[in-house]
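What follows is calculated from the coordinates using simple rules that are stated; it is not laboratory data. Note that this is a predicted model, so its numbers are computed, not measured. Here Cβ is always computed from backbone atoms with ideal geometry, including for glycine, and neighbour counts include all displayed protein chains.
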Amino acid sequence: MSEMNDRDFIKSELTEALSNFEYSGQSYTVDICGIKFKPEGNGVYTYISRSLSQDKKDHQTSAYLMFGYRNTSLLLIENDKFNFSNSHSTDLGFYNYLDLVAKYSSGLYRDDIQRAIVTEAVYGVNGQSQQIIKDFTSRIRIEDLIRSSNPKHREREHTSISAAIERADTEYWQLLSRWLQEKLPPLNQLDQVIYCGGSTSFIEAPINDFFKDWKGKLMNTNAMSIKMLDKLELTQASSQKFIEQYLPVRLADAWGEFVDLSGMKI
């Protein structure tokens, strides 16, 4: 959210850069018709709000929680208007979790752990008995982090890394839950909460537990991510690679902006 304070500087720099712009061997002089700055989470908001009537949008308050790699953000929408003063970003991004796992492990670093993350699609069956993607799940594949070839030592490493992940799960969620308690409006003032971003798979269970006694609507971006996969019409191999990198969920916000800007019908 704080990066929006740089919008005047960015507008000036972008205007200057586009005055003599080269792409693919061609030179262009670009006239700036308009520049808009939007916070992360806005793409998810514009996408989801397309399915709501204007009357409903005018009479509800929604919180969009973006759990990203560098930042975690709250985007508050009240009566179809962006509440800038009560929206917020913090640097409690996913890299903090990776660092915690590394801290409680022996000889592991953030990049090692990040490379060991694998994502898979969770399949189900629709009404026509066809196999369809219902969900996505990510985990740290501990086997990729074990370095010893000795069976006894490998077992010890596995136990140690598992304990580090469990401890990091607890401590990272404590950081996030304190931030949520501090920054969210009273839950009885919220009609819906949408959580999104590339680290959601690792905090899905505590997020659902956090809101378990709340009477509003809690949702993620899986439905729009699955629709994105359908619209992209990737080959089976490309789709598999796309999912393995958790891109359907990581790119949901950008996808929402693209759908809005292109006028695509979903």
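Excluding residues fewer than 8 places away in the same chain, name every one of the aspartates and glutamates whose C-alpha is closer than 13 Å to that of residue 215.
Straight-line reach from residue 215, under 13 Å: 191.
Which links in 11/36; 81/212; 57/217; 103/241 stretch past 18 Å when you go from one Cα to the other?
Values: 11/36 9 Å; 81/212 27 Å; 57/217 14 Å; 103/241 30 Å.
Exceeds cut-off: 81/212; 103/241.
Just one of (1) -0.89; (2) -0.82; (3) -0.99 is log10 I(q)/I(0) by the Debye sum over Cα atoms at q = 0.12 Å⁻¹ calculated from these coordinates, so which is it?
Entry (1).
Using helices alone, I'd like the mean residue ellipticity at 222 nm for the chain: each DSSP H run of four-plus residues gives -39500 (n - 2.57), total over residue count, nearest 500. Mind showing how you got there, number by number?
Values: 11 runs with 119 residues, N = 266.
It comes out at -13500 deg cm²/dmol, rounded to the nearest 500.
Count the net charge of all other residues whose Cβ sits under 14 Å from the Cβ of residue 218, scoring Lys and Arg as +1 and Asp and Glu as -1.
Numbers: positive: 212, 215, 217; negative: 191, 204, 209, 213.
Computed value for this residue: -1.
Please list, in chain and number order, the residues 5+ apart from residue 92 or on another chain whose amide H is under 5 Å from its amide H, with Hs placed from the backbone.
Excluding prolines and chain starts, which carry no amide H, the hits are 72.
So which chymotrypsin sites (Phe, Trp or Tyr not before Pro) in the stretch 80-119 pass both tests, a DSSP loop state and at most 14 other Cβ atoms within 10 Å of the Cβ?
Sites meeting the loop and neighbour criteria: 84, 109.
Using Cα springs under 10 Å in a Gaussian network model of the chain, which residue among 76, 18, 175 shows the largest mean-square fluctuation?
Checking each option, the largest mean-square fluctuation is seen for 18.
Ranking request for peptides 248-259, 44-55: highest mean number of other beta-carbon atoms within 10 Å first, then the rest in descending order.
On the way: 248-259: 21.4, 44-55: 15.8.
Packing order, densest peptide first, comes out as 248-259, 44-55.
Within straight cross-link reach of residue 227, meaning Cα distance under 18 Å, which aspartates and glutamates are found once same-chain residues fewer than 8 apart are removed?
Of all the aspartates and glutamates, those that pass the test against residue 227 - Cα under 18 Å, at least 8 places apart if same chain - are 120, 135, 244, 253, 257, 260.
Tell me which of 216, 239, 179 sits at the most positive position along the dipole axis of the stretch 158-266, charges placed on C-beta atoms (Lys, Arg +1; Asp, Glu -1).
The one lying farthest along the dipole's positive direction is 216.
Any chance you could run the full-extension gain for residue 237 through residue 4? It's 0.36 nm times the residue separation minus the Cα-Cα distance, nm to one decimal.
Numbers: separation 233, 0.36 × 233 = 83.88 nm, distance 3.82 nm.
Working it through step by step, the gained length comes to 80.1 nm.
What's the magnitude of the charge dipole for the chain around its Cα centre, counting Lys and Arg as +1 and Asp and Glu as -1 at the beta-carbon? Answer in Debye, nearest 20.
Working: 30 positive and 36 negative charges, 123 e Å.
Dipole magnitude for the chain comes out near 600 debye.
Write out the GluC sites (Glu not before Pro) in the stretch 131-238 meeting two conditions: DSSP loop, and at most 15 other Cβ atoms within 10 Å of their Cβ.
Details: sites: 143, 155, 157, 166, 171, 182, 204, 233; in loops: 233.
Passing sites in the stretch 131-238 are 233.
Between residue 179 and residue 32, how high is the FRET efficiency from 1/(1 + (r/R0)^6) when r is the Cβ-Cβ distance and R₀ = 25 Å? Nearest 0.05. Can you show the working numbers first?
On the way: r = 37 Å, r/R0 = 1.48.
Approximately 0.10, to the nearest 0.05.
Expressed as a rounded percentage, what relative contact order does the stretch 39-262 have, with Cα pairs under 8 Å and six or more residues apart? Spell out each step's value before the answer.
Working: 329 pairs, mean separation 58.4, N = 224.
Rounded, it is 26 percent for the stretch 39-262.
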